[in-house]
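The values are calculated or read from the model by the stated rules, or taken from the named source; none is laboratory data. The structure presented is a predicted model; accordingly, all values stated were derived computationally and were not measured. Note that we place each Cβ from the backbone using ideal geometry, even for glycine, and neighbour counts take in every protein chain shown.
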């Protein structure tokens, strides 16, 4: 079949492999061409099988998923590898290790796989869209094994998944944005998805340690994963990165990450800006989502907010960027060359919402320059 997507499935559980095969029947183009019971079998067969995408379990005998990713990346830089892990601290930690080793993305295994109908629905919601997005587009170079270096840029990536254009794309010359302020910036908001851990480490690691404004981040990740990511970013960058808590004040120098399964917004309460967490409806199929965060920043800070849209699939953040621009705030978007996936930033650029389009390695310097310009004290 001309549109066949060849899938290499690696999981030591026969039950899980059977569940995945059954779930993929909803998409006839997905064809499991090889099943491996451990990472060693996947590595040994990847060149002969020539898969279009690999589903990789984390914990397996003989060779685990993280080591398998490292070995496969020595053989192929082009095949997408999607980690498929349990929603536990151990599974999340291993998935983040695999992303740093070169895996393309991750999805979480269904909770209570014994309930077949619910388990299949979970696979179709969490995993199958990523299989389709990573394969139904121009070839893309997956992430290289990642070692944080604040002075280095990420390697170039090409190609983007097919996405719908945002419904609000303005006509040229009729955007109706407020005049963009060139004055003080009081908050930095970041929205990111696929490729986020590397991109966030690069941006945060390049900012001065005495960064004088709060930073709030919406990264598409489930519970458990976000807490571990915050810990890693704090260790890698030296900044005070942690999950946001409901009602806490936004303070200069703090970096607050939206917890998995919660939207993060900001509100002004008696002159104090506080974090607000809620489990409102999914937005852009996500929770946390970027749009509610950016919209609240526009409402709370107006032209004194700065929005940053980094690598990721989909169009989350585009509507929020529009709200920021309407209030006179600046929006920066990551360029295509350094994005793992130029979906979210690409939509912002295509809609004419980005004040600047920058490589990931230049983001921190440009943010620091802009923030410094509006601050009475110097930033070192």
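A few remarks follow.
- Among the residues of the stretch 20-42, those identified as outside any strand (DSSP E or B) and under 22 Å from residue 68 (Cα atoms) are 20, 21, 37, 38, 39, 40, 41, 42.
- Summed over the stretch 291-307, residues that are closer than 19 Å to residue 212 by Cβ and surrounded by fewer than 19 Cβ atoms within 10 Å (Cβ to Cβ) total 1.
- Residue 62 falls short on exactly one of the conditions (1) assigned to a loop (DSSP other than H, G, I, E, B); (2) touching a residue at least 60 places away in the same chain (Cβ under 8 Å); (3) farther than 24 Å from residue 194 by Cβ, and that condition is (2).
- Scanning the stretch 274-296 for residues that are over 26 Å from residue 107 (Cβ atoms) and in contact with a helix residue (DSSP H, G or I) (Cβ under 6 Å, 6 or more places away or on another chain) returns a single hit, 295.
- Residue 301 vs. criteria within 19 Å of the chain's Cα centre (by Cα) and modelled with pLDDT of 95 or more: no
- Residue list for the stretch 70-91, restricted to those being within 18 Å of residue 135 (Cα to Cα) and part of a helix (DSSP H, G or I): 72, 73
- Filtered residues of the stretch 79-90 (kept if without any contact (Cβ under 8 Å) to a residue 40 or more places away in the chain and either touching a strand residue (DSSP E or B) at 6+ places or on another chain (Cβ under 8 Å) or closer than 14 Å to residue 10 by Cα (or both)): 83, 85, 86
- Comparison of 309, 357 shows that the only residue that is assigned by TED's automatic domain parsing to the domain that holds residue 268, touching a helix residue (DSSP H, G or I) at 6+ places or on another chain (Cβ under 9 Å) and in contact (Cβ under 8 Å) with a residue 40 or more places away in the chain is 309.
- Residue satisfying condition, being out of contact with any strand residue (DSSP E or B) (no Cβ under 6 Å at 6 or more places or on another chain), assigned by TED's automatic domain parsing to the domain that holds residue 324, on the phi > 0 side of the Ramachandran plot and in contact (Cβ under 8 Å) with a residue 40 or more places away in the chain, within set 205, 195: 195
- Among (1) over 20 Å from the mean Cα position of the chain (by Cα); (2) surrounded by fewer than 23 Cβ atoms within 10 Å (Cβ to Cβ); (3) in a helix (DSSP H, G or I) - the single one residue 352 does not satisfy: (3)
- Residue, nearest to residue 201 (Cα to Cα), within the stretch 269-290, restricted to residues that are in contact (Cβ under 8 Å) with a residue 60 or more places away in the chain and surrounded by fewer than 24 Cβ atoms within 10 Å (Cβ to Cβ): 286
- Test result for residue 339, surrounded by 21 or more Cβ atoms within 10 Å (Cβ to Cβ), in contact with a strand residue (DSSP E or B) (Cβ under 9 Å, 6 or more places away or on another chain), at pLDDT 95 or above and closer than 21 Å to residue 226 by Cα: yes
- Residues that are over 17 Å from the mean Cα position of the chain (by Cα) and either assigned by TED's automatic domain parsing to the domain that holds residue 130 or assigned to a helix (DSSP H, G or I) (or both), drawn from the stretch 320-349: 322, 323, 324, 325, 326, 349
- Note on the stretch 71-94: among residues that are surrounded by fewer than 19 Cβ atoms within 10 Å (Cβ to Cβ) and under 18 Å from residue 232 (Cβ atoms), the one that is modelled with the highest pLDDT is 93.
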